[in-house]
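Accompanying notes for the structure given below.
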Amino acid sequence: MREVIVSEHAGFCFGAGRGVETVEKAIEEGGFIYTFGPILNNAMVVSDFEKKGVKVVESVEELKSLPKGKVIIRSHGVPRATYEAIKATGHELIDATCPFVKRIHNIVEKQSSEGDRIIVIGNPKHPEVIGIVGWSHTGAEVIENSDDIDNLAVNKGEKVTLVSQTTFNRNKFQELVEKIEKNVYNVNCMNTICDATAVRQREARELAGRVNIMIVIGDTHSSNSKKLYEICSEVCEHTMFVLDASDVRGNLPEVDGPVGITAGASTPKYIIEEVQSYVRNDF
Ligand code: SF4
């Protein structure tokens, strides 16, 4: 039997797990169920839910023509205007925004209503960042790299509240904050990065360094899974990126020694268990 070591925090983060449980509960209760965007960046999970009647909708417009049901907001959250527009359609809104993301919405809403200028550090195209910006009463600037700071025109004395996308790299956040603090006088920096990503990356690097084959399970659309693959590839020569056990069958490198497994935050437990069982028993 092959030695297989699974990373302690492989798979769903708190927010992803909560989103999936919300959909499962809605299925049990019955009725029409819609998710506002795919519930996770994992095609298999989304397709399993579709088979159970859950429809992914991409816009409020689309909802207007659909039979009344439950609309589930995923862990990334949405702008306040979208939230209100969904409610106005007459569907029941179920908010599965991750509480760590919701906390950022609350900060942005409160501080902007007190007149602060809002800066968000993150990827401006990421749905979570679009959602955060949408809770400011006065708009917000999004900064992703050092050059963006050079274009910031903040008046002396203007009060600024700064927050971060939850999955932003901690070291890069620190570098950007240091530069912003040199250019902007009155800035209240709130580190809103979630530890789930950093913990997974740290564990993956450590595990990849002590096994001979490393398997990263995740969807190619999941940026946190791709990042895990990058990290493991730096440390372990035989690193594989797979969606599920079928990608592993017949493709494991012919190398002896222990096999490590990690998985992105949107990978369900049963897929991790299938891969683990295949490598341990059949290989
Ligand atoms: S990474 Fe953190 S903030 Fe984002 S959904 Fe998961 S638990 Fe929530």
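The set of residues in segment 194-209 being within 16 Å of the ligand (Cβ to nearest atom) and among the aliphatic types (A, V, I, L, M) consists of A196, A198, V199, A204. So for segment 109-119 (the condition being surrounded by 16 or more Cβ atoms within 10 Å (Cβ to Cβ) and either among the basic types (K, R) or free of Cβ contacts under 8 Å to residues at least 12 places away in the same chain (or both)), does at least one residue qualify? Yes, segment 109-119 contains a residue that is surrounded by 16 or more Cβ atoms within 10 Å (Cβ to Cβ) and either among the basic types (K, R) or free of Cβ contacts under 8 Å to residues at least 12 places away in the same chain (or both). Out of curiosity, is I107 within 16 Å of the ligand (Cβ to nearest atom) and part of a helix (DSSP H, G or I)? Against the criterion (within 16 Å of the ligand (Cβ to nearest atom) and part of a helix (DSSP H, G or I)), I107 qualifies. Residues in segment 210-263 that are away from the ligand (no atom under 16 Å from the Cβ) and assigned to a strand (DSSP E or B): I213, M214, I215, V216, I217, T239, M240, F241, V242, V259, G260, I261. Confirm whether K102 is in a helix (DSSP H, G or I) and either within 22 Å of S266 (Cβ to Cβ) or free of Cβ contacts under 8 Å to residues at least 40 places away in the same chain (or both). So K102 fits the description; yes.
For segment 159-186, a tally of residues being of a type in the set (A, V, I, L, M, F, W, C) and modelled with pLDDT of 90 or more returns 6. All of (1) within 14 Å of the ligand (Cβ to nearest atom); (2) surrounded by 19 or more Cβ atoms within 10 Å (Cβ to Cβ); (3) of a type outside the set (V, I, T) hold for N123 with one exception: (2).
Do we have any residue at all in segment 170-185 that's surrounded by fewer than 22 Cβ atoms within 10 Å (Cβ to Cβ) and within 16 Å of the ligand (Cβ to nearest atom)? Yes, the conditions are met somewhere in segment 170-185.
Considering T197, T192, the condition of being buried (at least 21 other Cβ atoms within 10 Å of the Cβ), at pLDDT below 90, under 30 Å from V108 (Cα atoms) and β-branched (V, I, T) is satisfied by T197 alone.
The values are calculated or read from the model by the stated rules, or taken from the named source; none is laboratory data. The structure presented is a predicted model; accordingly, all values stated were derived computationally and were not measured. Backbone-built Cβ (ideal geometry, glycine too); neighbour counts: all protein chains shown.
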